[in-house]
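Step one of this worksheet: look at the structure below.
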Amino acid sequence: MPWHTGRAMTNARDSRHEVRADAPSREAEKTPGFARNYPDDSDLAKLVQAFGRGDFKAVRLHAPGLAASSSDLRVKLAAAELLARINPSRAEKTLLHVTFFLLVFITGWWLLHRH
């Protein structure tokens with residue numbers, strides 16, 4: 001019997017769906033790895049959860065306020081880091097502009113040099 005058929009494959013498929021006691025919860029899985037060492041703060045935890053869900057609009061709206069209003073320097077730094085992680089870097093902006101320029105240039109070249 002080939003290795004990819006039969007009982008061995010069924011057992012492998014079944015073992016992937018087992019829930020283990022030492023497995024992290026769904027909320028812990030959504031927490032980004034870089035945020036696991038953030039300080040305990042309820043507002044910061046909400047921002048981290050929003051980041052984990054992909055709700056970057058909420059992070060963009062609330063992170064500056066938390067960074068400005070918090071008295072804990074670690075919370076301020078964590079909120080600023082979350083905001084920095086969703087903003088594009090200078091290199092990303094440059095590559096986007098170069099890509100746009102090339103698209104316009106190649107399209108113009110093609111339109112002007114058609115036969």
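The table that follows gives values for the structure above.
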| item | result |
| --- | --- |
| Test: residue in region 82-92 that is among the acidic types (D, E), surrounded by 11 or more Cβ atoms within 10 Å (Cβ to Cβ) and in a helix (DSSP H, G or I) | no |
| Some residue of region 99-115 being under 26 Å from D43 (Cα atoms) and either assigned to a helix (DSSP H, G or I) or β-branched (V, I, T) (or both) | no |
| Residues located in region 56-110, provided they are over 25 Å from the mean Cα position of the chain (by Cα) and modelled with pLDDT of 95 or more | F101, L102, L103, V104, F105, I106, T107, G108, W109, W110 |
| Any hit, region 107-114, residues being more than 16 Å from P32 (Cβ to Cβ) and in contact with an Asp or Glu (Cβ under 8 Å, 6 or more places away or on another chain) | no |
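The values are calculated or read from the model by the stated rules, or taken from the named source; none is laboratory data. This one's a predicted model, so the numbers in the text were calculated from it and none came from an experiment. No Cβ is skipped: glycine too gets one built from the backbone with ideal geometry, and neighbour counts run over all protein chains shown.
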